[in-house]
Amino acid sequence: MTAYSVLMPFLPRRPEQMLPYAALVEWTGAHRLWQGQAMLVEPFQGFAAAAGAGFRVPTGTGVTLMPLRHPYEAAHQVRSLAMITGESVVAGFGPGGREFQRSLLGAPYASPLTAAREYLTIVRGLLSGETVDVDGEYFSCHATMVPAVAPRIDLGLGVLRPGMAKLAGEVADVAVTWLTPPAYVRDTVRPAMEKGAEKAGRATPRLSAIVPVALERPDRDPTELVLASNLRHMRTPHYIDMLKKAGIDILGEELPAAAKRVLEGDAFVHGDIHTVIEKLADYREAGADEIVLNLTGVFNVHGPKAAMEDLKKILTSVTAQ
């Protein structure tokens with residue numbers, strides 16, 4: 001059965017801003033509270049603060065960026081969060097864009113796939129209680145972690161294109177997608193994951209699709225919502241390439257036209273409640289094990305009340321099925 005979860009639709013500046021969304025997860029049928037990489041309040045610390053305020057919910061990071069921390073520090077942060085919340089954690093990681101890599105590391109990863117493989121291998125070994133002895137091209141570690149009992153931790157890998165999807169099949173517990181249309185998930189992402197899993201002799205990992213969504217209302221311009229939610233992504237080469245592979249070519253398009261293409265290609269889910277539920281069901285049929293509702297566009301254009309109203313209406317409808 002496909003689970004429905006909630007993405008924090010903004011970057012919190014104070015921990016109390018997270019509490020309504022943590023409460024929504026605790027008091028509804030929502031499965032997990034997710035947050036992408038934040039350059040204000042770090043997701044691990046924000047989730048821990050919410051737990052300290054009494055909202056101990058399953059959490060997911062979709063995705064934190066590898067250049068920001070060594071895999072030992074990543075394993076330490078993830079296990080600390082699981083111990084603090086007492087709930088499961090999906091720890092999603094990704095290499096980020098080439099310019100971000102260059103700005104922190106001096107040069108981008110020549111092979112993001114190799115870097116991601118090394119990173120997840122080290123983190124998994126540490127969390128499994130092993131003495132890790134890895135000399136990698138990008139990451140090395142010769143250490144073990146202090147033993148501790150913690151709730152379940154699943155390692156996720158941010159996936160856009162077939163190469164990373166295949167790698168997720170080999171080394172991850174969860175593939176985490178963003179802005180990927182359901183047909184692309186079905187025809188490209190899932191088959192690559194299955195191929196990687198078969199190569200590694202393991203079961204195919206779960207797939208968590210983070211889906212930008214908004215309900216149709218008289219005062220809303222859907223193209224404005226697309227841009228308010230995904231403008232940064234729509235300007236980066238790896239997202240442009242993924243969308244092109246999905247049949248949504250936005251390269252060289254003016255922004256309103258590009259947003260319209262994203263809508264027409266179902267990378268952004270929009271419509272009345274019945275249409276939205278049908279389009280979300282397309283992700284389930286494409287092989288998504290978890291659908292993470294991303295109301296960032298609504299939040300940025302129409303404010304927190306409108307985003308929360310949409311979230312509640314969608315969650316009520318999908319969990320009633």
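The values are calculated or read from the model by the stated rules, or taken from the named source; none is laboratory data. Here the structure is a predicted model, which means the values were calculated and not measured. Neighbour counts are summed over all protein chains in view; Cβ atoms, including those assigned to glycine, are modelled from backbone coordinates with ideal geometry. Protein only, heavy atoms only, side chains kept; ligands, DNA and RNA dropped before computing areas. Shrake-Rupley method; radii C 1.70, N 1.55, O 1.52, S 1.80 Å.
Among the residues of segment 1-47, what is the count of those that are of a type outside the set (D, E, K, R), within 15 Å of the chain's Cα centre (by Cα) and not in a helix (DSSP H, G or I)? Of the residues in that region, 16 qualify.
Each row is one residue, and each column tells you yes or no for (1) farther than 22 Å from LEU295 by Cα; (2) out of contact with any Ser or Thr (no Cβ under 7 Å at 6 or more places or on another chain); (3) of a type outside the set (Gly, Ala, Ser).
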position: GLN17; (1), (2), (3): no, yes, yes
position: TRP34; (1), (2), (3): no, no, yes
position: GLU42; (1), (2), (3): no, yes, yes
position: GLY52; (1), (2), (3): yes, yes, no
position: ILE84; (1), (2), (3): yes, yes, yes
position: ARG98; (1), (2), (3): yes, yes, yes
position: ARG102; (1), (2), (3): yes, yes, yes
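When LEU255, LEU251, LEU280 are screened for being open to solvent by 70 Å² or more (accessible area, probe 1.4 Å) and either aliphatic (A, V, I, L, M) or closer than 14 Å to VAL211 by Cβ (or both), only LEU251 passes. Every listed requirement among (1) modelled with pLDDT under 95; (2) open to solvent by 60 Å² or more (accessible area, probe 1.4 Å) is met by ASP272 save one, (1). Taking the conditions (1) within 17 Å of the chain's Cα centre (by Cα); (2) within 20 Å of ARG186 (Cβ to Cβ) in turn, HIS238 satisfies each one other than (2). Residue-level check: of (1) within 21 Å of ASN300 (Cβ to Cβ); (2) open to solvent by 10 Å² or more (accessible area, probe 1.4 Å); (3) not acidic (Asp, Glu), ALA107 misses just (1). Screening the candidates VAL90, VAL123 for the property of being assigned to a helix (DSSP H, G or I) and buried (at least 21 other Cβ atoms within 10 Å of the Cβ) yields one hit, VAL123.
Within segment 172-206, being among the aliphatic types (A, V, I, L, M) and either in a strand (DSSP E or B) or within 22 Å of ARG32 (Cα to Cα) (or both) holds for ALA172, VAL174, ALA175, VAL176, LEU179, VAL185. Applying a threshold of 8 Å to beta carbon distances and a minimum spacing of six or more residues, or different chains, the list of pairs starting in segment 145-156 at a residue that is surrounded by 14 or more Cβ atoms within 10 Å (Cβ to Cβ) and ending at one that is among the acidic types (Asp, Glu) and outside any strand (DSSP E or B) reads PRO151/GLU87; ASP154/ASP173; LEU155/ASP173; GLY156/ASP173.
Matching residues to (1) closer than 19 Å to VAL176 by Cβ; (2) modelled with pLDDT of 95 or more:
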residue: GLN77; (1), (2): yes, yes
residue: SER80; (1), (2): no, yes
residue: VAL90; (1), (2): yes, yes
residue: GLY97; (1), (2): yes, no
residue: LEU104; (1), (2): no, yes
residue: ALA107; (1), (2): no, yes
residue: THR114; (1), (2): no, yes
residue: LEU120; (1), (2): yes, yes
residue: ARG124; (1), (2): yes, yes
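For the list (1) surrounded by 14 or more Cβ atoms within 10 Å (Cβ to Cβ); (2) part of a helix (DSSP H, G or I), I need the number of the one condition that LEU293 fails. (2) is the only condition that LEU293 fails.
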